[in-house]
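J.: Please see the structure below; I have some questions.
The values are calculated or read from the model by the stated rules, or taken from the named source; none is laboratory data. Note that the structure is predicted; figures quoted are calculated from it, not measured. All Cβ positions, even for glycine, are placed from backbone atoms using ideal geometry, and neighbour counts span all protein chains on display.
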Amino acid sequence: MTTATPFTLPVWVAAAARAGLEVLLEAEGIPAAGASSGVSREVQPLELLEPPGVELVPVEGASSLGDGQALGMARCDPGDGLDLTRGLLVWVRASWWDPPQGAEPPQRLRLEAGEGLGVLAATRTLCLSAYARRLLEVNLLPLVPAGRGLQLQLVFPRGRELAGRTSNEAFGVVEGLALIGTQAVVQRSASPDRLQECLEALRQWPHSPSPADLVLVIGENGLDLAPRLGLPAHLLLKAGNWLGPLIVAAAEAGVERLLLFGYHGKLIKLAGGIFHTHHHLADGRAEVLTALAALEGLAGPPLERLFAAPTVEAALAGLRELDAPLSARIEARLALAIEVRSQAYLARYGRFPMRIGAALFDRQRQLRVAGPCGRELLEAFRHGLG
């Protein structure tokens with residue numbers, strides 16, 4: 001199966017869920033305005049939201065499980081390019097439940113993590129983006145009879161296996177794949193096509209609501225977290241790995257205040273002068289962190305252990321256990337180095353008035369540190385300050 005549009009994982013989940021819901025409705029003889037007939041259930045009409053519009057999304061099928069339950073199935077097709085979700089089978093077990101009296105529509109949908117769905121290690125809750133939940137609510141709740149609720153158990157049969165090939169665990173997500181897509185269409189962070197898409201977005205930036213301000217977000221985790229921290233959605237642009245060209249393009253587009261927002265294990269490369277952050281191109285994270293730590297006075301065996309740590313996250317955690325104030329100083333030095341090196345990178349290409357700040361989060365999706373300019377921009381963007 002190859003679809004014309006490369007859909008993200010939340011879209012395939014929503015399609016499978018809708019197919020299962022239709023089976024539940026048919027079993028009770030409940031008419032559902034807008035539901036597809038049994039003949040055409042192999043495709044599901046979904047309102048994609050991001051971008052808006054209805055698209056027909058293929059599904060594998062749906063079947064009654066008896067006892068008020070049904071199973072919808074879809075198979076993920078992310079389009080061309082390397083993507084570990086290619087061919088991933090998605091199961092959604094749908095059943096009715098009775099919501100509390102007076103509940104608003106969002107409380108009429110209850111989601112449960114089945115096998116292969118990632119959960120947050122700290123809370124054991126399903127790792128789900130706001131977009132994924134909203135996609136389900138918009139496409140399912142209008143079909144649910146008044147006064148009733150819908151329960152969905154989401155299952156990725158190979159999710160646990162595939163999660164071992166991702167950085168999920170680095171962000172505190174365990175037992176499966178996170179459902180964190182923020183839009184309907186797959187975007188390739190490392191591909192030249194993705195770079196061109198970002199460059200085109202920046203060419204249009206002077207016509208945006210806030211043309212002088214921009215937040216370049218690295219990765220889906222950052223794109224999901226940024227609005228939760230109060231950063232306005234209209235300022236966000238997912239940057240992927242092509243940070244150097246995008247910093248220059250932002251300046252050429254007239255951006256005056258740029259915030260780099262991403263996981264510290266990714267943005268640390270900028271502190272070492274590496275402005276394409278894909279790991280296949282260059283790394284240097286251990287070397288950068290060790291150099292910064294040495295500048296703060298760390299030496300001997302502790303410095304050697306820092307260099308040998310398997311990840312930036314593990315290295316910083318070890319530092320905090322050893323000497324929390326020292327760790328905080330090193331992180332502050334890291335954020336400042338990212339800002340300084342980014343400003344220096346921009347200066348190679350011309351004289352621009354753009355100021356660059358950096359804000360870094362950790363694997364628990366907690367804002368960890370920001371540079372001097374980053375703190376100023378975070379405050380300004382959150383509160384709409386000019």
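J.: Is it true that Leu214 is under 16 Å from Cys198 (Cα atoms), part of a helix (DSSP H, G or I) and in contact (Cβ under 8 Å) with a residue 24 or more places away in the chain?
T.: In short, no.
J.: Right, something else. Can you tell me which of Leu319, Leu326 is surrounded by fewer than 20 Cβ atoms within 10 Å (Cβ to Cβ) and part of a helix (DSSP H, G or I)?
T.: None of the others qualify; the one that does is Leu326.
J.: Looking at His276, His280, which is the one that is part of a loop (DSSP other than H, G, I, E, B) and either in contact with a Phe, Trp or Tyr (Cβ under 7 Å, 6 or more places away or on another chain) or at pLDDT 90 or above (or both)?
T.: His276
J.: Working only within the stretch 332-358, note down all residues that are in contact with a Lys or Arg (Cβ under 8 Å, 6 or more places away or on another chain) and under 21 Å from Asp224 (Cβ atoms).
T.: Gly357
J.: In the stretch 219-239, what residues are in a loop (DSSP other than H, G, I, E, B) and crowded, with 23+ Cβ neighbours inside 10 Å?
T.: Hit for the stretch 219-239 is Ala239, nothing else.
J.: For the stretch 329-373, what are the residues that are surrounded by fewer than 16 Cβ atoms within 10 Å (Cβ to Cβ), farther than 17 Å from Leu267 by Cα and either of a type in the set (A, V, I, L, M, F, W, C) or without any contact (Cβ under 8 Å) to a residue 12 or more places away in the chain (or both)?
T.: Ala347, Arg348, Arg351
J.: Looking at Arg108, is it under 20 Å from Leu25 (Cβ atoms), at pLDDT below 90 and touching a helix residue (DSSP H, G or I) at 6+ places or on another chain (Cβ under 8 Å)?
T.: Taking the combined requirement at face value, the residue satisfies it.
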